[in-house]
Amino acid sequence: MTRPQIPDLTQRYFLGLDLGKRVDRSALAVLELQWEGKGFDYAWYVPIRNPIVRLIRADRFPLGLPYSQIPGILSSVLHKLERMPVLPGNDSKAFQKDLAVDAANAGSFLLEILQQQSLPATLVPVSITGGERENRIHGGVWSVPRPILFSNLRILFEAGNLRIAHDLPGYRTLIEELLTAKASGPQREHDDVAIAVALAAWRAAREIPALRQPHPERVIRSKGENIECCS
């Protein structure tokens, strides 16, 4: 038997930043990693925990917001996260924040600014492409096809490991946007928050592969039951 892996209970957040253009808004999404207790493994005498990520913030910024204002907004959000209540069982002194940034086109200019700002987060530049495979290219930029971003988002939803609180501001608009966002083709008028969530979820799944595994509660449900993406 393989000893169950005991998760590192660092207070961890995954942020996704989609950068708008002249007709699109920029958007920011924040996912909080949580570990749900699911019993105790008496064979190895370790607790059983299942990872989920909960969307705790989704911002759609005003149309035409200058890129120069975004670093200040990010700095404010990141410092607020450090003041969030520590989740039960987490290390009160261990915080980690990953920021996946849309680095295509003008995003490369903003990335240089963010790097100079020394934000308290791990910057993960992502170039969203129309290819078939994700890979890391020059400058540490990840090339990630749009279909992979959205297929990963759907996997996390269907696995029951991506949650959205009903009291999240703009809840109904967000759900509609996530349901209508397309995995292929050009970016649509209201895809901005969906892409921000997809960026954050992609990074979370790369760092915590168990998020792509079905949640234990989903395993016991009948295959024909409708999937609910929110709780």
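For S75, what charge total do you get from the other residues with a beta carbon under 13 Å from its beta carbon, if Lys and Arg give +1 and Asp and Glu give -1?
Net charge in that neighbourhood comes out at +1.
Fully extended, how many nm does the chain gain between T122 and Y171 (0.36 nm per residue separation, minus their Cα-Cα distance)?
Contour length minus the Cα-Cα distance gives 14.9 nm.
Identify the trypsin sites (Lys or Arg not before Pro) of region 125-156 meeting these criteria: DSSP loop state and at most 11 other C-beta atoms within 10 Å of the C-beta.
Values: sites: R133, R136, R154; in loops: R133.
Listed in order of number, the matching sites are R133.
Where a number appears in this text, it was derived from the coordinates with a stated rule and is not lab data. The model shown is predicted, which means the values in this text are computed figures rather than measured ones. Heads up, the Cβs are rebuilt from the backbone with ideal geometry, glycines too, and the neighbour counts pull from every protein chain shown.
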